[in-house]
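First the structure, in the form of structure tokens, and then the observations on it.
Every read-out reported here was derived from the displayed coordinates using simple, explicitly stated rules and does not represent laboratory data. Just so we're clear, the structure is a prediction, and the values are computed from it rather than from any experiment. Neighbour counts run over all protein chains shown; Cβ positions are idealised from the backbone, glycine included.
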Amino acid sequence: MALSGSPVILLGAHMSIAGGTPNAIDRARRAGCTVLQIFVKNNNQWKGRPLSDEEVQVFRASRTAAGLLDVVAHTCYLINLASPEGELRRQSIVTFLDELRRATVLGLSRLVVHPGSHGGEGESVGIRRIAEALDEIHERAADTPVSVALEGTAGQGTSVGYRFEHLRDILGGCRWPDRVSICLDTCHLFASGHDFRDPEGYGRMIEAFDRTVGLPKLQVLHCNDSKRELGSRVDRHEHIGKGNIGVEGFRWLMNDPRLARVPKILETPKGLTLRLDKRNLRVLRGLVGN
């Protein structure tokens, strides 16, 4: 937490929901998080166990007691909104709607999703399919206050979203672009070719995003170092300062006043305890003001 009189830093981590969603709140509190990201069900299965009314009530009460300022969710990894008509697309939309409903009852602000993979049919086809899928989702979930946050990708395989132009074009193809925001991941940015390890490179990257998509659309940041080299197009997260980005690459991001109200969330490797999360949070927090 920030010192008395200092602004609160919106900094946290993705936490496991093992044992029930309220346990993620407790883990976040013990790690010293002010914000949190969770899965709303098993991230490797299409269907999850129902959330009971009691679990929802305990989750909401625990969040209030912990003083968390924002809680977002990440969709399961099976979802592919860029897939063609067929069972995968149908199941992706059904599961997305279920996770959107879960996020709504838990009182979360955003649901982060990887845009998807075009499977060799071309980026423009993938972009169009993602926009169409988002339109169907928003038409069928018109009343949810939870916004969708498209996550920029590393560009691995045939994934869409590794260029700012992809994100811009998906937003431009949606009927309800105001219901869609953007999540950027530092590992993905680095792997896709953005070198922000010095202030000049960081400035060029942020200006390019602002020019292409618009900074107000940036609503979530994932803070991860990269195991792989610049432009590798490979998504491999590393502890802060232990990868190819290095601590300096995070200094500019942590001190950019334009991003002060954007929640910054770790997705770094986990251990058996919260020690690694606490260490990564401490490193990022220590950069603020320096």
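Here the chain is treated with +1 on each Lys and Arg Cβ and -1 on each Asp and Glu Cβ, and its dipole about the Cα centre works out to around 900 debye.
Over all pairs of different C-alpha atoms in the stretch 14-128, the reciprocal of the mean inverse distance, the Kirkwood hydrodynamic radius, equals 15.0 Å. Amide H contacts of Gly231: Ala191, Ser192, Gly193, His194, each under 5 Å away and 5 or more positions distant or on a separate chain (H built 1.01 Å from N in the peptide plane; Pro and chain starts excluded). The alpha-carbon atoms of the stretch 140-290, seen along their principal axes, cover 42, 33, 31 angstrom, with the largest extent given first.
Checking every one of the GluC sites (Glu not before Pro) in the stretch 1-85 against DSSP loop status and a limit of 13 other Cβ atoms within 10 Å picks out Glu85.
Return a whole-number percent for the relative contact order of the stretch 11-287, with Cα pairs under 8 Å and 6 or more residues apart as the contact set. Please list the in-between numbers first.
Numbers: 556 pairs, mean separation 43.5, N = 277.
Relative contact order here is 16 percent.
Working note: Cα atoms of the stretch 93-199, range along each principal axis, descending, whole Å: 41, 33, 21.
Which Cα, out of Ile170, Gln45, Met15, lies furthest along the positive dipole direction of the chain (beta carbon charges, K/R +1, D/E -1)? Result: Met15, furthest along the dipole toward the positive end. The string of couplings for the stretch 139-153 from the Karplus curve (6.51, -1.76, 1.60, θ = phi - 60°) is 5, 8, 10, 5, 9, 6, x, 7, 8, 8, 10, 6, 9, x, 10 Hz, one whole number per residue in order, with x for Gly and Pro.
The amide H of Ser181, built 1.01 Å from its N in the peptide plane, has Val148, Ala149, Leu150 as neighbours under 5 Å, considering only residues 5 or more places off or on other chains. Scalar couplings 3J(HN,Hα) for the stretch 71-80, obtained by applying the Karplus form with A = 6.51, B = -1.76, C = 1.60 to θ = phi - 60°, are 9, 10, 10, 10, 5, 5, 7, 7, 5, 9 Hz; x denotes Gly and Pro.
With the biggest extent put first, the Cα atoms of the chain measure 51, 48, 32 Å across the principal axes. Lys-Lys pairs in the chain that are eight or more residues apart or on separate chains and whose Cα atoms lie under 29 Å of each other come to 19. Using the Karplus relation 6.51 cos²θ - 1.76 cosθ + 1.60 with θ = phi - 60°, the per-residue 3J(HN,Hα) values for the stretch 22-35 come to x, 5, 5, 4, 5, 5, 4, 4, 5, 7, x, 7, 10, 9 Hz, with x marking Gly and Pro. Taking each DSSP H run with n ≥ 4 as -39500 (n - 2.57) and averaging over every residue of the chain yields -12000 deg cm²/dmol at 222 nm. Candidates Ser62, Phe209, Val220 compared by Cα position along the dipole of the chain: farthest toward the positive end lies Ser62, with charges placed on Cβ. The stretch 120-159 has equivalent-ellipsoid semi-axes of 24, 13, 5 Å, by the square roots of 5 times the alpha carbon gyration tensor eigenvalues, sorted largest first. Distances between placed amide hydrogens fall under 5 Å for Ala82 paired with Ser117, all partners being 5 or more residues away or on another chain.
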